[in-house]
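The structure appears right after this line, and notes come after that.
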Amino acid sequence: MGILSNLFSMSKPKIKDKNKSFYENYNELKIEEFKSKYDLSTIEGINSIPISEAKRYSDGGKSVVYMPEQILNRQATVYKKENKFDLAIACLKKANEMYPYSFYSYTRDNYERLTEFMILAGKYEEAKETHRNLDISIGTRLDELRNLQRYAVHSNTESFNDYQKRVIDPYVEESKEREQYYWLLENAHGIAPKSFSAYRKMKNLNSDSYKKIVQFVENKGMHIEQLKFWI
């Protein structure tokens with residue numbers, strides 16, 4: 001019984017914090033296990049993570065929290081806050097490589113996070129190339145939403161028009177405004193707001209700052225509603 005008891009206790013994760021649930025402690029243990037196995041503080045260490053890690057939990061494990069691609073995504077957010085975009089981008093590149101092999105399904109928005117970080121880092125051409133490659137390899141986000149729209153109609157979950165108004169039209173409008181913002185970051189960085197949400201807010205308010213942006217674009221012989229970034 002002594003040997004069996006020891007083996008059983010070794011198989012159970014150690015409770016680190018009695019104030020946290022077993023679930024929380026287990027997740028933290030698995031995350032620490034991954035981070036101790038791979039060096040996420042260098043690009044070389046991140047790049048060295050094999051794709052086999054994405055297949056490690058073929059049944060989804062006990063939680064999505066400690067999936068390798070999720071750990072990399074959270075680490076990318078940390079690096080973004082620290083303005084370490086090269087490391088953040090390396091994390092997201094590796095996460096994108098892992099998505100197709102994960103137990104969990106990921107949308108185009110998950111993949112697109114990489115291009116957003118590239119843009120914030122000023123890597124505009126690399127972002128455009130990555131965006132084009134994603135269009136080819138997994139399809140566009142609009143294609144994805146159209147498929148969901150067809151499913152909603154087929155399953156009598158929602159009518160075509162209701163889904164169009166609730167999901168498709170707002171997405172198209174947001175995408176158009178996001179392109180405008182990205183164009184401003186690339187071509188008028190000095191007057192572009194610090195975030196996309198700030199741009200949308202100033203546009204909705206038609207603030208003086210937004211009017212200056214409109215005037216800047218018009219002085220370039222263009223119209224703000226026709227700006228394109230994904231060329």
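Restricting attention to the range 51-69, does a residue exist that is polar (S, T, N, Q) and within 13 Å of the chain's Cα centre (by Cα)?
The answer is no; no qualifying residue exists.
If a residue has to be under 30 Å from residue 192 (Cβ atoms) and either in contact (Cβ under 8 Å) with a residue 60 or more places away in the chain or surrounded by 13 or more Cβ atoms within 10 Å (Cβ to Cβ) (or both) to count, how many in the range 135-165 make the cut?
8
Is there a residue being in contact with a Leu (Cβ under 6 Å, 6 or more places away or on another chain) and assigned to a helix (DSSP H, G or I) anywhere in the range 82-89?
No, the conditions are met nowhere in the range 82-89.
Looking for something over 28 Å from residue 142 (Cβ atoms), among the polar types (S, T, N, Q) and free of Cβ contacts under 8 Å to residues at least 60 places away in the same chain - is there at least one such residue anywhere in the range 90-103?
Scanning the range 90-103, I find no residue that is over 28 Å from residue 142 (Cβ atoms), among the polar types (S, T, N, Q) and free of Cβ contacts under 8 Å to residues at least 60 places away in the same chain, so the answer is no.
Select from the range 104-119 the residues that are free of Cβ contacts under 8 Å to residues at least 60 places away in the same chain and of a type in the set (A, V, I, L, M) and list them in ascending order.
If the condition is that a residue be free of Cβ contacts under 8 Å to residues at least 60 places away in the same chain and of a type in the set (A, V, I, L, M), then 114, 118 are the ones that fit.
Based on this model, can you work out whether residue 125 counts as under 16 Å from the mean Cα position of the chain (by Cα), modelled with pLDDT of 95 or more and not aromatic (Phe, Trp, Tyr)?
no
If only one of 127, 152 is in a helix (DSSP H, G or I) and within 24 Å of residue 185 (Cβ to Cβ), which one is it?
After ruling out the rest, the residue left standing is 127.
Quick check: anything in the range 191-199 over 25 Å from residue 129 (Cβ atoms), among the β-branched types (Val, Ile, Thr) and in a loop (DSSP other than H, G, I, E, B)?
The answer is yes; a qualifying residue exists.
Restricting attention to the range 199-212, report how many residues are under 21 Å from residue 172 (Cβ atoms) and either surrounded by 11 or more Cβ atoms within 10 Å (Cβ to Cβ) or assigned by TED's automatic domain parsing to the domain that holds residue 113 (or both).
Total meeting the criteria: 6.
May I ask you to say which residue of 39, 17 is part of a loop (DSSP other than H, G, I, E, B), charged (D, E, K, R), modelled with pLDDT of 95 or more and not assigned by TED's automatic domain parsing to the domain that holds residue 195?
39
Can you tell which of 62, 81 is surrounded by fewer than 17 Cβ atoms within 10 Å (Cβ to Cβ), in the same structural domain as residue 118 (by TED's automatic domain parsing) and without any contact (Cβ under 8 Å) to a residue 24 or more places away in the chain?
Unique residue meeting the criteria: 81.
The values are calculated or read from the model by the stated rules, or taken from the named source; none is laboratory data. Predicted, not measured: the structure shown is a model, and the values here were computed from it. Quick reminder, even Gly has a Cβ in these numbers, built from the backbone with ideal geometry, and neighbours come from all protein chains shown.
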